[in-house]
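The values are calculated or read from the model by the stated rules, or taken from the named source; none is laboratory data. The structure displayed is predicted, hence computed values, not measured ones. Virtual Cβ from ideal backbone geometry, glycine too; neighbours counted across all protein chains shown.
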Amino acid sequence: MSTRALYTFKGDEGSFNVYKHHDGYPSGAAQTLKTAIDWFAWQLPRFEADEFAAAFCAAGKIGWVRTAKEIAEWAREHGPTSSTRAWVGGGVRLMPAGDPTAVALANCSDIEYRYEITVGTPLPKAIEGIARKKPVAPELLIRAFKGNWWDSKAEENEIFNGTFTRFHLWALKKDKVRVT
């Protein structure tokens, strides 16, 4: 069964909710975010929540792809004339704007995880007490929640809050993913 998730991209211009029907467990979320960062989104420090949400949608459509060679392989297997083209639709879709918990309850109550993505300067605690002698560059920040949105009252627990770099490492360890 697929692990579904709701992702909320927050910025000065507003918040944008995206539903992903599969790979919503932490290491799957980290991989899709990494693909968005590496291939589709503006490079930091530029961050626009709507643009990053669009980059995430593109990354979510191609799933496991990480390299140019894999993109070419994906295009051959799922391109306009392939026999699997019909399976490429869906999977990632925009959700209404608004409070992510309310959006989840109304539109995608089958999710198991919820993520909030923004950009900012990590808190001193997040950089493990290192004294700041020079400004810290903005980083992608992730909050992850696990919960139940089936009932009329959402139950969610924060399971991670920190930088994307730390999230990626934490997620690989949590999901026991071997890096090759």
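Note on region 160-179: among residues that are part of a loop (DSSP other than H, G, I, E, B) and in contact (Cβ under 8 Å) with a residue 60 or more places away in the chain, the one that is surrounded by the fewest Cβ atoms within 10 Å (Cβ to Cβ) is 175.
Note on region 21-44: residues that are free of Cβ contacts under 8 Å to residues at least 40 places away in the same chain, in contact with a helix residue (DSSP H, G or I) (Cβ under 7 Å, 6 or more places away or on another chain) and part of a loop (DSSP other than H, G, I, E, B) total 2.
Scanning region 1-52 for residues that are basic (Lys, Arg) and out of contact with any Gly (no Cβ under 8 Å at 6 or more places or on another chain) gives 10, 34, 46.
Applying the condition of being in contact (Cβ under 8 Å) with a residue 40 or more places away in the chain and within 14 Å of the chain's Cα centre (by Cα) to region 56-94 and asking which residue is farthest from residue 140 (Cα to Cα) yields 91.
I need the full set of residues from region 1-43 which are touching a Phe, Trp or Tyr at 6+ places or on another chain (Cβ under 8 Å), among the small types (Gly, Ala, Ser) and surrounded by fewer than 21 Cβ atoms within 10 Å (Cβ to Cβ), in order please. Scanning region 1-43 gives 11, 15. Looking across region 58-103, the residues that are assigned to a loop (DSSP other than H, G, I, E, B), of a type in the set (A, V, I, L, M) and at pLDDT below 90 come down to 65, 88.
Could you tell me which of the residues 126, 137, 154, 171 is modelled with pLDDT of 95 or more and among the small types (Gly, Ala, Ser)? Answer to the selection: 171. Among the residues of region 45-55, those identified as out of contact with any Phe, Trp or Tyr (no Cβ under 6 Å at 6 or more places or on another chain) and either touching a residue at least 40 places away in the same chain (Cβ under 8 Å) or at positive phi (or both) are 45, 47.
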